[in-house]
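Reading through the structure tokens given below for one structure.
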Amino acid sequence: MTDTILITGGAGFIGRYVARACLERGHRVRVLDGLIEQVHGDRTQAEGLDPEVEVVVGDIRDETAVLRALKGATKVVHLAAEVGVGQSMYAIDRYVSVNDYGTAVLFQQLIDNPVKRVVVASSMSIYGEGLYRDADGNVLQDVVRTPRASEDAPWDPVDAQGRPLIPAPTPEWKRPALASVYAISKYVQERLTLTVAPAYGMEGVALRLWNVYGPGQALSNPYTGVLAIFSSRLHNGQPPMIFEDGQQRRDFVHVEDVAQAFVLALEHEKAPGGVFNVGSGEDRTVCEVAELLGKAMNRPIAPEIAGKARIGDIRHCIADITKIRQELGYAPRRDFQEGLAELAEWVAKQEAKDLVQEARKELEARGLVA
């Protein structure tokens with residue numbers, strides 16, 4: 001059955017891929033996007049979208065723009081959000097306004113203009129530290145890192161006996177541990193969707209996204225995904241800058257696999273009411289990823305290890321994607337090495353402002369790096 005799908009924030013990186021995937025499934029697609037400068041530069045028109053996509057330029061907090069975008073829509077993908085853990089810790093009013101008030105405006109308009117289903121982009125950041133096991137095999141889900149007492153102290157969390165904890169894949173049942181303003185705002189988006197939608201006869205679904213990468217990322221945004229930041233640095237002949245010691249582990253998922261997950265969340269009969277992790281099911285250290293990207297870009301520049309931590313960052317968070325595999329049939333298809341090669345080829349044709357040093361200075365000036 002053909003739907004008219006509204007994608008908020010749809011002119012962004014993930015939104016463009018979701019729009020294409022929906023078109024390929026035969027749906028009509030409309031996009032609402034504010035085209036903010038940090039993501040889109042000084043462009044006043046959406047770029048990179050298929051010509052069949054209808055574009056409404058407007059802020060998610062503008063009820064008139066939201067109402068116009070909702071006209072005739074039968075399903076919604078809610079991507080509109082400010083993104084970035086570090087920046088969220090000082091641009092608090094902006095993040096809460098866009099992410100949470102913006103979601104409230106969307107649902108306020110949906111009360112009188114309901115759709116069949118709303119799929120919201122949540123985030124792995126809501127878990128805080130991921131799941132761990134101790135040396136005896138016990139599962140720990142409420143691990144909180146404390147600041148290191150000295151330079152010789154370990155970066156990894158330890159148990160009461162000082163033994164290092166072992167990171168384990170994090171399932172959806174792990175209790176949230178909201179360590180940043182960004183994480184708080186994404187959790188609010190998620191809970192608003194799963195609470196308000198069914199109250200008004202709509203279906204709600206939340207996808208908790210891990211580290212999304214691929215061609216089309218905002219290379220000049222120093223608060224976007226880590227692979228885009230590394231790409232920008234390497235493209236400008238600078239070393240990737242890595243906080244802590246570079247051994248923190250993450251799951252990197254290709255944007256095409258993420259788009260597949262959104263299509264499943266929009267269409268599958270088992271999706272409503274569900275929360276699903278979206279990752280690749282593979283984890284790597286941040287240092288390893290920086291080195292692999294440097295090779296793919298033919299710029300094998302050794303990373304710069306900061307030896308300092310950002311307030312709000314977590315150490316390890318690895319995706320357990322068992323639930324979305326079993327319930328929705330999700331299967332990540334993109335090989336990481338091939339994905340990096342594709343990203344490197346795209347980056348080589350781009351211009352990117354390296355604003356990472358400025359972003360780091362901003363964080364340090366505010367006492368958010370220790």
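Annotations
- Helix 226-235 vs. the chain, principal-axis angle (Cα, 0 to 90°, nearest 10): 70
- For Asp156, net neighbour charge (Lys/Arg +1, Asp/Glu -1) across residues whose Cβ lies under 13 Å away: +1
- Net charge over other residues, Cβ less than 10 angstrom from the Cβ of Thr74 (K, R count +1; D, E count -1): +3
- Residues whose amide H comes within less than 5 Å of that of Arg208, counting only those at least five positions distant or on another chain, are Ser122, Phe276, Asn277, Val278 (H built at 1.01 Å from N in the peptide plane).
- Label-to-label distance, nm, for residues given as Glu282 and Ile36 (7 Å Cα→Cβ offset): 3.2
- C-alpha long axis of helix 356-365 to longest principal axis of the chain, angle in °: 70
- Here the Karplus relation 6.51 cos²θ - 1.76 cosθ + 1.60, evaluated at θ = phi - 60°, turns the backbone of the stretch 76-85 into coupling constants of 10, 10, 9, 10, 4, 5, 7, 10, x, 5 Hz, with x for every Gly and Pro.
- Antiparallel %, DSSP beta bridges [both residues in the chain], to 5: 20
- In plain terms, the chain from Trp173 to Gln350 could stretch by 59.7 nm, reckoned as 0.36 nm per residue minus the Cα-Cα distance.
- Gyration tensor verdict on the stretch 91-131 (Cα atoms; rounded if a/c is under 1.5, prolate if a/b is larger than b/c, oblate otherwise): oblate
- For the chain, the ratio of Cα radius of gyration to the globular rule of thumb 2.2 N^0.38 Å stands at 0.96.
- Mean sequence separation of contacting Cα pairs (under 8 Å, at least six apart), scaled by the length of the stretch 119-277, corresponds to a relative contact order of 28 percent.
- Cα→Cβ-extended label distance, 7 Å offset, between Thr2 and Ala341, nm: 3.9
- Net charge of Cβ neighbours under 12 Å - reference Glu267; Lys, Arg +1; Asp, Glu -1: +2
- Crossing angle, helix 102-112 versus the chain [Cα axis fit, 0-90 degrees, rounded to tens]: 20
- Built amide H within the under 5 Å cut-off of Leu32, gap 5+: Ile7, Thr8, Gly9, Gly10, Val56
- Cα gyration tensor shape of the stretch 255-348, rounded if a/c is under 1.5, else prolate or oblate by comparing a/b with b/c: oblate
- For the stretch 299-311, backbone phi angles converted through the Karplus equation (6.51, -1.76, 1.60; θ = phi - 60°) give residue-by-residue couplings of 9, x, 8, 4, x, 9, 8, 6, x, 10, 10, 8, 4 Hz, Gly and Pro being listed as x.
- Under Karplus coefficients 6.51, -1.76 and 1.60, residue-wise ³J(HN,Hα) of the stretch 253-258 in Hz, glycine/proline x: 10, 5, 4, 5, 5, 5
- Global geometry of the stretch 87-169, whether rounded, prolate or oblate, following the gyration tensor of its Cα atoms and the 1.5 cut on a/c: oblate
- Near the amide H of Ala306, within less than 5 Å, lie the amide hydrogens of Ile242, Phe243, Glu244, all on another chain or at least 5 residues away, with H placed in the peptide plane.
- For the stretch 280-332 and the stretch 115-170, distance of Cα centres in Å: 15
- Surface exposure of the chain, expressed per residue as accessible area with a 1.4 Å probe, stands at 43 Å².
- Listed by chain and number, the aspartates and glutamates whose alpha-carbon sits under 15 Å from that of Lys308, ignoring those within fewer than 8 places in the same chain, are Glu151, Asp152, Asp156, Glu244, Asp245, Glu362, Glu364.
The values are calculated or read from the model by the stated rules, or taken from the named source; none is laboratory data. If you're wondering where the values come from, they're calculated on a predicted model, not measured in any experiment. A quick note on method: Cβ atoms are made from the backbone with ideal geometry, for glycine too, and the neighbour counts reach across all protein chains shown. For the accessible areas, the whole protein counts, side chains as well, though only heavy atoms, and no ligand, DNA or RNA atoms are used. Shrake-Rupley method; radii C 1.70, N 1.55, O 1.52, S 1.80 Å.
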